[in-house]
Amino acid sequence: MNSSTKKGLKIIVPIVLAIFLGWYAFSEFPLAKVWPFVKKANIWWILLGLFFGVLSHLSRAYRWNYLLQPLGYKAQLPNSVMAVFVGYLANFGIPRSGEVLRAMVLTNYEKVPFEKGFGTIVAERVADVLVMLGIIAITLILQFDYIFTLLEKAFSFQKIIMGSAILLIISVVIFIYLKKSQTLLAVKIRTFIKGLKEGVFSILNMEHKWAFIGHTLFIWGMYILMFYVTLFAVDEISHVTLGMVLVAFIAASFTIATTNAGLFAYPLAVMTAFSLFNIPQDPSYAFGWIIWSSQTIMLVVCGVISFIFLPIYNTKKIVGVE
């Protein structure tokens, strides 16, 4: 498979998946069933969630400079903020294109070489992946009893033990394969893991590492808080526990990466996660649409404003200098 085909599939597959999920969602859960919950949702909780969302994006823009400074660059904060929002806007059209556009904005307005700017964004993603893995680990601990009970209902205890043993054996085999094999796939995976390790150590060795780590934890804390407080907008599901929230948050977060910014998939993922805990589907689905729609509107508005204002701000800056 050549590179152009791969690029095409990366664009087409998420779009096709979003269309399929949209068809499924509206056929199984028509808007008429969820609209009553949306209509009576408490707007103040939604606005508070938006506030936490904005804080996370501002922190992400500020954090970016900690990666640029060791390379000899320092971006103006307004440019960093607008680049972040423009990137989010681009992701609604072509998945993952936002990272490229973010780097291009810094190249155009801050004279940061594209490959270096893009490299810092990749390093950001390494930090974000590590935090996400930490959230998954915490969730497994908080919900261990419930998850184990679900597994027991689906499988016998002996099957769980056998499955764990098989999983361990498979993991060992994969580890040995990746360590010794010279196939293209093994080499690519080893290269990815090596890059991941280098990214982690580059973060730990940077001058402002604790500030960077603090911002990273703050960003994800705001994501979770945004998700959690918006729950209170829908009375029927405002009683859910933190562990349940984290399960739904993780499920919804994965849809952001696999479709066009979670289009249609995000509400379904939230509803499916909450249904594991016997939480009613209709209000859960309504909540999924509320939080996804409110955040999407905020990102689109801020992205459009940023896209328009970027050349204006930088023209004024140049004129001011002259």
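For T258 and F144, FRET efficiency with R0 = 25 Å and r from the beta-carbon atoms, rounded to 0.05?
0.40
Beyond 29 Å between alpha-carbons counts as too far, so tell me which of K111/K179; K74/K188; K116/K209 fall in that bin.
K111/K179; K74/K188
Please work out whether segment 206-292 counts as rounded, prolate or oblate from its C-alpha gyration tensor, where a ≥ b ≥ c are the square roots of the eigenvalues and a/c under 1.5 means rounded, while otherwise a/b larger than b/c means prolate and anything else oblate?
Prolate, since a/c reaches 1.5 and a/b exceeds b/c.
Among H57, S171, S275, flag the residue with its Cα farthest along the positive direction of the charge dipole of segment 42-279, charges on Cβ as +1 for Lys/Arg and -1 for Asp/Glu.
S171
What fraction of the Cα pairs in segment 42-279, stated in percent, has a spacing above 33 angstrom?
30 percent
Bear in mind that the values in this text are calculations on the coordinates, not laboratory data. All of these numbers come straight from a predicted model, not from anything done at the bench. Because the Cβ atoms are built from the backbone with ideal geometry, glycine has one as well, and the counts that use them run over all protein chains shown.
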